[in-house]
Amino acid sequence: MTGNADEGSRPRSLPEPVTAVTDTAGAWLPARMAEVEKGLLAAVEGDGELAEDAVLTLNAGGKRMRPMLVLLCAGPEAGDAAVRAGIAVELVHMASLVHDDVLDRAPLRRGLPTVYASAGRERATALGDRLFATAFRILVDGGDADAVTEVSATAVDLARGELRQRQAAFDLGLDEADYFARCGLKTGRLFEAACVLGRASTGREPGPIGLFGHRIGLAFQLLDDVLDISGPPERTGKARGTDLLDGTVTLPLIVAGRRDPSLREIDLRALDESSAEAVCDRIEATGALDEVRSRAIALIDEAKAGLTGAGIEPGQRELLELIADGVVLRYS
Ligand code: FPP
Ligand code: MG
């Protein structure tokens, strides 16, 4: 959990490899992360009746991996444009989660009741809209026209990914290619944008940095889908089996279905919380979670290897490799 702006440079629940990034980077990174945190708070508080929900959502936590990626891809000369991009990317991420919780009817996120659960569908929808709009206002106020273009293309892809997920709900025939295409849109794309925006903020060509972001975003989603099955909620901050309950077929279920074909016969629509937990146990018993974890690690390895020859200086590369490790060595 991120407490508040005062401790913004070191959110409490950051996984060890990510704290290793802040420790390794030197003073510039915590200083810039603190600016992001301050900017996020300034962006959400103040005006209008949704301010309180917005501040609660912000303070509910988050690993701030995306703004950190923006800053790392900008490097030590990260300036105000990188900070604005970091704020905008995190706001789009927050907006998409608030909306996602409405669509999922999710009870818990980051160990706390979701805005949907505590304040209802209307308020949560309006809050997501507000956070989303604020992201663009920050970029426009900074005169970052190219960043507006990148973030708006990214938001379109997020919506496409989410739509694909809804359209494929309850379909146990979903294959890996469909799954990866959807994850690329709903998760890989925002990680990619974070990297591209960071590098572009210092006037450099993005080169392969976008692909690096995309790959670690995919790995992030694979891990997220493992954690949905494995829990436990005390560590992940989310209810176990939420994906199954809303009909979202993920890689752990696809892999488990190959190992235990009886899992392909389940009626996902008939699940309730306790039978969903039982299905989670069955998926886990096939060993599918280990396979998906290994595939996430393989994606991280590919992402790191793709940085070779990209003109990234060694110190910066070391930090990017550390944050990439943080994506798969996490429990929330
Ligand atoms: C969380 O993943 C959700 C997303 C990565 C994308 C959600 C996108 C939208 C709701 C549409 C676009 C919205 C905006 C504001 C552009 P998950 O559902 O796999 O993970 P979870 O377990 O945390 O719910
Ligand atoms: Mg979801």
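Computed across the chain, the Kirkwood hydrodynamic radius from all distinct Cα-Cα pairs reaches 19.9 Å. LEU185: net charge of surrounding residues, Cβ under 12 Å, Lys/Arg +1, Asp/Glu -1, itself excluded? Here the charged neighbours net out to +1. In the range 103-206, a dipole from Cβ-located charges (positive for Lys and Arg, negative for Asp and Glu) runs towards its positive end, and of PHE132, GLY161, GLY173 it is PHE132 whose Cα lies farthest in that direction. Which of rounded, prolate or oblate describes the range 125-213 when judged by the alpha-carbon gyration tensor and an a/c cut-off of 1.5? The shape class here is oblate. Just checking the listed ones, ILE254, ILE266, ILE229: in the Gaussian network model of the chain with Cα springs under 10 Å, the one fluctuating most is ILE266. Each Lys and Arg Cβ is given +1 and each Asp and Glu Cβ -1; about its Cα centre, the chain then shows a dipole of about 200 debye. Eigen-decomposition of the gyration tensor built on the alpha-carbon atoms of the range 185-332 gives equivalent ellipsoid semi-axes of 34, 14, 13 angstrom, largest listed first. Here the Gaussian network model covers the chain, with springs between Cα atoms less than 10 Å apart; of GLN221, GLN316, GLN167, GLN167 fluctuates the most. Positive-end ranking of LEU223, ILE266, VAL115 along the dipole of the chain, with charges on Cβ about the Cα centre, is headed by LEU223. For the range 81-235, a/c is not less than 1.5, where a ≥ b ≥ c are the root eigenvalues of the C-alpha gyration tensor, and a/b does not top b/c. That puts it in the oblate class.
Scanning the chain for GluC sites (Glu not before Pro) in DSSP loops with at most 14 other Cβ atoms within 10 Å, what's the longest stretch left with none? Numbers along the way, then the final one.
Working: sites that count: GLU45, GLU49, GLU77.
My reading of the result: 78-332 is the longest stretch.
Backbone phi angles across the range 121-128, fed through the Karplus curve with coefficients 6.51, -1.76 and 1.60 (θ = phi - 60°), yield HN-Hα couplings of 4, 5, 5, 5, 5, 5, 5, x Hz in residue order; Gly and Pro are listed as x. For the chain, a Gaussian network of Cα nodes joined below 10 Å ranks ASP267, ASP228, ASP301 by mean-square fluctuation, and the top entry is ASP267. Ranked by how many other Cβ atoms sit within 10 Å of their own Cβ, fewest first, the residues SER201, SER118, SER230 fall in the order SER118, SER230, SER201.
Quick note: the coordinates plus some simple rules give every number you see, no bench work behind them. Computed from a prediction, not measured in an experiment: that's the story for all the values here. Please note: Cβ atoms are built from the backbone with ideal geometry, for glycine as well, and neighbour counts cover all protein chains shown.
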